[in-house]
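The values are calculated or read from the model by the stated rules, or taken from the named source; none is laboratory data. The structure presented is a predicted model; accordingly, all values stated were derived computationally and were not measured. Glycine also receives a Cβ, built like all others from the backbone with ideal geometry; neighbour counts cover every protein chain displayed.
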Amino acid sequence: MSRLIVVSNRVAKSDATSKGSEGGLAVGVMAAMEKDGGIWFGWSGKIDNRNEEPKTETRGNIEYVTINLRQSEYNQYYKGYANSVLWPLFHQRPELMRYRDIDLSGYLQANQKFADELLKIIQPGDTIWVHDYHLIPLGKMLREAGIKNPIGFFLHTPFPSLDLLRTVPGYTKTLKDLMRYDLVGFQTEGDHMGFCMGIAQGLGGEILKNDKLRLGSLHCTSRVYPISVETSVLNGAAHAGMHTDEYRRLHSSLGDRSLIIGVDRLDYSKGLVQRCQAYDKLLGQNQEFIRNVVYLQISPTSRGDVQAYGDLAKRIDSEVGHIIGTYADFDWMPMRYLNRGFRRRTILAMYNLARVGLVTPLKDGMNLVAKEYVAAQNPEDPGVLVLSELAGAADELDSAVIINPYDVCATTGALAQALKMPLNERIDRWRKMMDVLENHDIHAWQSKFLGDLQQVTSSAVS
């Protein structure tokens, strides 16, 4: 019987108490898998220097198979090459890259560890779907071990231009490794073209008809598959979240003040410093918002043992402290900054409550917070999404108030526009964005990618 095997760096087990702090990959893949099931393989999140066998656990119709990492593997593969080289590179921050040969070696060894364990469970007829930048070499390793099953790859982050990609030693291997997949999916047309130009101009390959690429004897298909959310259930989940203690306390504390909400991992790609500066200007330039607006920023700590993230945390603390110290009164706190995650339904209820959803990354593959904020709104009184044009979501949600996150003054103006926006305009903008989300939800994303994967592998065989 054919099975779907999803492979990602981390495995997020279905747990309503922890979903609120999960990233877009975990939220999207979980929603996609809960419907049709399959095997989800990846790192458990635990560091253990003993050679333990993979752990298997079944919840619902998903079988979770997880492995531990050794401390050296974590340091070199995850903390090192994946998040100190590929993550900053893919998010247009090459100055933050910290390349070391030993980290690249650890990255390849960890991918080989994943491949070795996968070989024990792959059966004829299985479809293998690999996710994200941590596991780019995995397809090549499976092919070299003799696996002929359909193997697809989806990149959740942006993909860099060739000029940026060239800053990494051995970048050509990254491109060649991606060519070993049957189907490579990207969030946006810009990411897709970056890959195609890398193959054509960087390696001398060919761009063929029907989204196919050729590099010597290697062939693959590359297309755009913008990830989405489980649109139909999010408004109901938001209403369920209104019964939580956290939501009730927030609602009670606001009174009749308007809420601006931001929910992001504490990451330098999210534009949090510029966001704070824009809010500072909003209060400084608009007396009408003093005491009448509250900005809630929820940012669970992310990769705190990577130096760039520690430096960012200190900078955000300083920005938040400045805002509070400058504008707060004894009975009004202009900003609330929380370094922890919340239950998913609680976050969705907070989206429903917020007059403005502030989603202003400096670079993002998609950003599902933007889509979740829209889907959680009250159709009769929706809030306004202020969205960075550098997030993949801006390609689809073009009825949001779109800004350049590097333009702090423009973001300030967008906040003021959103807070003052009349009801009829809010409804019109929301309805246009909701139409997109209803027609292209997470299940359509999964179905389209896997359907295309079967089609391209079937046509290759025939």
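In the set Glu22, Glu52, which member is within 19 Å of Ser302 (Cα to Cα), at pLDDT below 95 and surrounded by fewer than 22 Cβ atoms within 10 Å (Cβ to Cβ)?
Numbers: Glu52 fails: within 19 Å of Ser302 (Cα to Cα).
Going through Glu22, Glu52 in turn, the sole match is Glu22.
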*If we keep just the residues of the range 137-160 that are over 23 Å from Tyr99 (Cα atoms) and among the β-branched types (Val, Ile, Thr), which is farthest from the chain's Cα centre (by Cα)?*
Ile147
_Boolean, Leu385 is in a strand (DSSP E or B) and either touching a helix residue (DSSP H, G or I) at 6+ places or on another chain (Cβ under 9 Å) or in contact (Cβ under 8 Å) with a residue 24 or more places away in the chain (or both)_ = yes
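What residue, among those in the range 74-97 that are of a type in the set (D, E, K, R) and in contact (Cβ under 8 Å) with a residue 40 or more places away in the chain, is farthest from Phe41 (Cα to Cα)?
At the first step, the residues of the range 74-97 found to be of a type in the set (D, E, K, R) are 79, 93, 95.
Subsequent filtering for residues that are in contact (Cβ under 8 Å) with a residue 40 or more places away in the chain retains 79, 93.
Working: Lys79: 20, Arg93: 30 Å.
Per the criteria, the residue is Arg93.
Of all residues in the range 402-423, count the ones that are touching a residue at least 12 places away in the same chain (Cβ under 8 Å) and assigned to a helix (DSSP H, G or I). I'd like the intermediate steps shown before the answer.
Step one: of the range 402-423, the residues touching a residue at least 12 places away in the same chain (Cβ under 8 Å) are 402-406, 408-409, 411-412, 414-419, 421, 423.
If we keep only those that are assigned to a helix (DSSP H, G or I) as well, we get 408-409, 411-412, 414-419, 423.
So the answer is 11.
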*Using the structure shown, decide if Asp163 is without any contact (Cβ under 8 Å) to a residue 24 or more places away in the chain, surrounded by fewer than 23 Cβ atoms within 10 Å (Cβ to Cβ) and within 24 Å of the chain's Cα centre (by Cα).*
yes
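Filter the range 263-319 down to the residues that are more than 30 Å from Tyr77 (Cα to Cα) and in contact with a strand residue (DSSP E or B) (Cβ under 7 Å, 6 or more places away or on another chain) and list them by number. Let's see the steps before the verdict.
Quick first cut of the range 263-319, residues more than 30 Å from Tyr77 (Cα to Cα) only: 274-297, 318-319.
Result: Arg275, Tyr279, Arg291, Asn292, Val293, Val294, Tyr295, Leu296, Gln297.
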*Taking the condition under 16 Å from Val356 (Cα atoms), modelled with pLDDT of 95 or more and part of a helix (DSSP H, G or I), does His239 pass?*
no
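Among the residues of the range 45-64, which ones are free of Cβ contacts under 8 Å to residues at least 60 places away in the same chain, in contact with a helix residue (DSSP H, G or I) (Cβ under 8 Å, 6 or more places away or on another chain) and under 21 Å from Ile122 (Cα atoms)?
The answer is Gly60, Asn61, Ile62.
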_For the range 327-377, which positions are part of a loop (DSSP other than H, G, I, E, B) and without any contact (Cβ under 8 Å) to a residue 40 or more places away in the chain?_
Ala328, Phe330, Asp331, Met333
